[in-house]
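Written below as C-alpha cells is the structure these notes are about.
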Amino acid sequence: MLEMEQYTCTNCPMGCPLQLTHEGENILEVFDYQCNRGLKYAKQEFSDPRRSLSTTVAISHARWARLPVKVSAPIPKDRVIEAAREIHQLQIESPVKRGQVLMSNFLGEKDIEVVALRSMERIS
Amino acid sequence: MLGRMEGKYDVVVIGGGPAGMGAALGARDSGSERVLILDREPDPGGILLQCIHSGFGLHYFKEELTGPEYAERFLENVIDQEVDLLSNSYVSGISYDSSGSKGVHVMNEKYGLSTVETKSVVLSMGCRERTRGAIRIPGTRPSGIITAGLAQKFVNMKGVLPGKRVAILGSGDIGLIMARRLVLEGCEVVGVFEIMPYSNGLTRNVVQCLEDFEIPLHLSTTVAYIHGKDRVEKITVAPVDEKLKPDMNRAWDIPCDTLLLSIGLIPENELSQSLGIKLDLLTGGPQVNSTLETSMPGVFTCGNVLHVHDLVDFVTRESLLAGQFAGEWAQGVRRPNDNIRLLPGNNVHYCVPHSLSPEREHTIYMRCQKPMKPCRLHIGDLKQKKLRFVVPAEMIMVKVKPELLEKFRGDTLRIDILPAEEKTD
C-alpha cells in the first residue's frame, strides 16, 4: 500500500516541506526538495532518524551543581528521552577534564560515549 | 595569564565571552604585546557556558561543537597567546586624557578598586534578554515569570528547575531550545506562543525542539493576561489580528506554573552610554566606522553588544577584526575617516558597520524587517546579489570590494532588499 510521510527539512532556514512516498520500508519517491540535502534528509528521516543529545549530570565539589555532557554521536530519535533518563543517573566527582568519557557503550551501541563538555576543577 | 593584571596595557577588552576572547586574539595577531580581558563572571566564556546544545564552531573550528567546548577551546588559544585575564571583575567606567591614553576603572576582589592604563579599549559586554516590562503583559505579578536564558542558566549550571508546567512566550532560539531541555529534565511544556505569523527561531530548532516532542507552536498568538497571586496559576492566550492586537473573543486559558519569555535581546550598553558613545537606535549598539571603532577614538566594539548575532562563529569573525584594529590603534596606526555612509533602505532593518572606506574590503552585516523570497539585495547601484530568501532571524552578510567603492562618487550608499521580480532602473 502506498503511504506518504511529511518532513520539514532542517538543513537551512528555508525549511522546505518535503513529501516522501513509500510502500512498507521501501522508499518510492521524494517530492518538493529544493536541493540534494533535502533529498538526503527525507530519506534519512524515513529510514533512520537520529538526533544529537546534550544534557547535564550532577557534579560534587565543583563551582556549579551541574556538569554539561553530550552523547558523542547522534542516537535514534525515539530513544532520546530514555537516553536522557539514563544519563541523569550519573553522579560525578570533580575534577573533570573536557572530553573525559563518563559512560561508554552507551545504549548498547559500541563507539557511542557520554563525554564531559567542559573541565571543572575541584573546589572544597 | 589567568588572574593577572599588571602595569600598562596596549588593549583592554571588557567582557570575556566569545567576542572578548576573539578581540583579545585579534589584538595579539596585530602585534600588540600587552592585552587584558576583564570579565565580571567567575569563568570566562560568557553565555556559551550555558548553551550546552551543539551547533557552534562549524565555521571557525570546522567541526560542530557545543557552547562549553567552543568556550574552553577558545580560552586555551587566549592563554597560549599570553593574554592576561581577570575574572570576577566589574568595570565601572573609563576615563581618558588629552594624549588619548585611557584609564579603565575596575573592581576586583584581589586588586580592589583600581584603574588600569591602556591605549585602546574593546567593548564586548554582550547582550541581555528583554523582560516582561518590555512588552507590558497585563495581569498580576506572581513569581514564575522568567526569561528563557536565565532559565537555561538555572537548569544547565545550577541544577534548578524553574517550574513544572511551563508555557513559553516567543519563539526565539533560546525559547525553543529551552522547551526541549525542560522536557528532557522532566517538565511539561504546554506550548510556545509567537505573536508573529512565523517563527523567530531556526527551522532546525522548530523541528528538533518542538515537533520531536509534540510541543505545540501557536503562531500569531500571544499571552494576553497572567493570572496567579503568589505563583503563576494560568495564562490567557489569544490570537492576534493584523495589527498584533489580541482578539479576546477567541482567547483561551492555559493552566501553568511558569512562563518563560524568549522575546528578544538587547545589547548591554550602559557602560558605552556613560562614556557618551553614540548608539544606533535600530541595533541598540554603538555606531561604528568600518574599523568597528565607536564615536570615542580608540574605543572599539564587537559581538552582541554591537548588534545581536545568530551564530557565535560570526561573533568570532567580527571580534578578531575589532581586536586587530584596536591593536593597530594602540601601535599608533591612524586611518583616514570613512567617506561613505551606509543607509538602510527597503526591507533593511539595520546594517553594520555604519560607514565604509574604499581603502579595504568590507563585510556588511544586516537584518531584514520581514521575510521575502526570492529577492535581490542592492548595494546602491554598485552591486546586486540574488537571495533565495531572507528572514529576520537570519543575518545577511555581503562582501564589498574596494574596487567597487573607488568608483562610487556619492557620500551615502543605500541598501535595499527588493522582490526579485521588481527591477530598479
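Name the residue that is farthest from the other protein chains (Cβ to nearest Cβ), counting only residues in the stretch B:205-231 that are part of a helix (DSSP H, G or I) and free of Cβ contacts under 8 Å to residues at least 24 places away in the same chain.
Step by step, filter the stretch B:205-231, then rank; the result is B:E211.
Could you please find all residues in the stretch A:8-31 being more than 12 Å from chain B (Cβ to nearest Cβ), in a loop (DSSP other than H, G, I, E, B) and in contact with a helix residue (DSSP H, G or I) (Cβ under 8 Å, 6 or more places away or on another chain)?
Residue satisfying the conditions is A:E25 alone.
If I filter the stretch A:87-98 down to residues being over 14 Å from the mean Cα position of the chain (by Cα), under 24 Å from B:L65 (Cβ atoms) and not basic (K, R), which single residue comes out as nearest to the other protein chains (Cβ to nearest Cβ)?
Within the stretch A:87-98, the match that is nearest to the other protein chains (Cβ to nearest Cβ) is A:H88.
Scan the stretch B:174-186 for residues that are buried (at least 22 other Cβ atoms within 10 Å of the Cβ) and either of a type in the set (V, I, T) or within 11 Å of chain A (Cβ to nearest Cβ) (or both) and jot them down. Don't jump to the end; show me each part of the working.
First pass over the stretch B:174-186, keeping only residues buried (at least 22 other Cβ atoms within 10 Å of the Cβ): B:174-182.
If the condition is that a residue be buried (at least 22 other Cβ atoms within 10 Å of the Cβ) and either of a type in the set (V, I, T) or within 11 Å of chain A (Cβ to nearest Cβ) (or both), then B:I174, B:I177, B:R180, B:R181 are the ones that fit.
Listed here are the residues, each with its yes/no results for (1) surrounded by fewer than 18 Cβ atoms within 10 Å (Cβ to Cβ); (2) more than 26 Å from the chain's Cα centre (by Cα).
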| site | (1), (2) |
| --- | --- |
| B:S98 | yes, yes |
| B:V116 | no, yes |
| B:S120 | no, no |
| B:L123 | no, no |
| B:G126 | no, no |
| B:I137 | no, no |
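Could you pull out the residue among B:T294, B:T363 that is among the polar types (S, T, N, Q) and surrounded by 20 or more Cβ atoms within 10 Å (Cβ to Cβ)?
Numbers: B:T363 fails: surrounded by 20 or more Cβ atoms within 10 Å (Cβ to Cβ).
Only one candidate passes the filter, namely B:T294.
Considering only residues of the stretch B:167-186 that are over 17 Å from A:L53 (Cβ atoms) and assigned to a loop (DSSP other than H, G, I, E, B), which is modelled with the lowest pLDDT?
B:G172
Only one of A:L18, A:L28 is more than 20 Å from the chain's Cα centre (by Cα), surrounded by fewer than 18 Cβ atoms within 10 Å (Cβ to Cβ) and not assigned by TED's automatic domain parsing to the domain that holds A:E82; which?
Details: A:L18 fails: surrounded by fewer than 18 Cβ atoms within 10 Å (Cβ to Cβ).
When all the criteria are applied, what remains is A:L28.
Under 6 Å between Cβ atoms, at least 6 apart or on separate chains: pull out the pairs that start in the stretch A:1-29 with a residue that is among the polar types (S, T, N, Q) and end on any residue that is buried (at least 17 other Cβ atoms within 10 Å of the Cβ) and in a loop (DSSP other than H, G, I, E, B).
A:T8/A:G15
Is it fair to say A:V57 is closer than 21 Å to B:E63 by Cα, β-branched (V, I, T), within 12 Å of chain B (Cβ to nearest Cβ) and surrounded by 13 or more Cβ atoms within 10 Å (Cβ to Cβ)?
Judged against the criteria, A:V57 is not a match.
If I filter the stretch B:357-369 for residues that are within 14 Å of chain A (Cβ to nearest Cβ) and either closer than 30 Å to B:G100 by Cβ or of a type outside the set (D, E) (or both), do I get at least one hit?
Yes, some residue in the stretch B:357-369 is within 14 Å of chain A (Cβ to nearest Cβ) and either closer than 30 Å to B:G100 by Cβ or of a type outside the set (D, E) (or both).
Within the stretch B:387-412, how many residues are within 14 Å of another protein chain (Cβ to nearest Cβ) and of a type in the set (D, E, K, R)?
Qualifying residue count for the region: 2.
Could you tell me which of the residues B:V183, B:V206 is at negative phi and under 21 Å from the mean Cα position of the chain (by Cα)?
B:V206 is the lone residue from the list that is at negative phi and under 21 Å from the mean Cα position of the chain (by Cα).
Given the condition surrounded by fewer than 18 Cβ atoms within 10 Å (Cβ to Cβ) and either free of Cβ contacts under 8 Å to residues at least 40 places away in the same chain or among the aromatic types (F, W, Y) (or both), answer yes or no: does some residue in the stretch B:254-264 qualify?
no
Given the stretch B:367-425, what strands (runs of 3 or more DSSP E) lie entirely inside it while holding 2 or more residues that are aliphatic (A, V, I, L, M), under 15 Å from B:H349 (Cα atoms) and within 26 Å of the chain's Cα centre (by Cα)? Don't jump to the end; show me each part of the working.
Numbers: elements: B:375-379, B:383-387, B:396-400, B:412-419.
Here the list reads B:375-379, B:396-400, B:412-419.
For B:G201, work out the one condition from (1) among the small types (G, A, S); (2) part of a loop (DSSP other than H, G, I, E, B); (3) surrounded by fewer than 21 Cβ atoms within 10 Å (Cβ to Cβ) it doesn't fulfil.
Among (1) among the small types (G, A, S); (2) part of a loop (DSSP other than H, G, I, E, B); (3) surrounded by fewer than 21 Cβ atoms within 10 Å (Cβ to Cβ), B:G201 violates only (3).
The values are calculated or read from the model by the stated rules, or taken from the named source; none is laboratory data. Keep in mind it's a predicted model, so treat the numbers as computed, not measured. All Cβ positions, even for glycine, are placed from backbone atoms using ideal geometry, and neighbour counts span all protein chains on display.
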